[in-house]
Amino acid sequence: MEEIIELGWLLDFYGPLLTEKRRQIVDMRVNEDMTLAEIAETCQMTRQGAYDAFAQARKQLKEYENALGLLERYRKIHAELDKCLEALEGVKATPETQTALDEARRALGQIERIER
């Protein structure tokens, strides 16, 4: 199950780099939860052909992540954003600091919107 979720994330990040056929096969397997037999029938290919295309696409997606690290970067940024937002929630504002705290929250919210 975790591998399917991971492939979904990788597909979101690197799917446009795959051929349309491979992207479609991974999408059917990951997002539509289709079996290889169902994918083969839909794509008018053999089950072995569907398996091979899926395996090659999975390998490509992992290679892209190993080379570029965009998913890992995304996860690290969001972990730190969550820490910042949590820390800000624990700060009690004074009249002198309220504006700065509001601006910090706004800026972190903007970063979060950009990254998601």
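The values are calculated or read from the model by the stated rules, or taken from the named source; none is laboratory data. What you see is a predicted model, and the numbers here were worked out from it, not measured in a lab. Every residue, glycine as well, gets a Cβ built from its backbone with ideal geometry; the counts of neighbours run over all protein chains shown. To get the accessible areas, we keep the full protein, side chains included, count just its heavy atoms, and leave off ligands, DNA and RNA. Shrake-Rupley method; radii C 1.70, N 1.55, O 1.52, S 1.80 Å.
Matching residues to (1) in a helix (DSSP H, G or I); (2) within 30 Å of Y14 (Cβ to Cβ); (3) open to solvent by 90 Å² or more (accessible area, probe 1.4 Å):
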{"site": "E80", "(1), (2), (3)": "yes, yes, yes"}
{"site": "C84", "(1), (2), (3)": "yes, yes, no"}
{"site": "L88", "(1), (2), (3)": "yes, no, no"}
{"site": "A93", "(1), (2), (3)": "no, no, no"}
{"site": "A100", "(1), (2), (3)": "yes, no, no"}
{"site": "A104", "(1), (2), (3)": "yes, no, no"}
{"site": "R113", "(1), (2), (3)": "yes, yes, yes"}
Which number in (1) without any contact (Cβ under 8 Å) to a residue 40 or more places away in the chain; (2) out of contact with any Asp or Glu (no Cβ under 8 Å at 6 or more places or on another chain) marks the one condition that I77 misses? (2)
Among the residues of the stretch 66-76, write down those that are open to solvent by less than 60 Å² (accessible area, probe 1.4 Å) and under 11 Å from the mean Cα position of the chain (by Cα). L71, Y74
Of all residues being within 17 Å of the chain's Cα centre (by Cα) and open to solvent by less than 20 Å² (accessible area, probe 1.4 Å) in the stretch 8-29, which is farthest from E63 (Cα to Cα)? Just the residue, please. M28
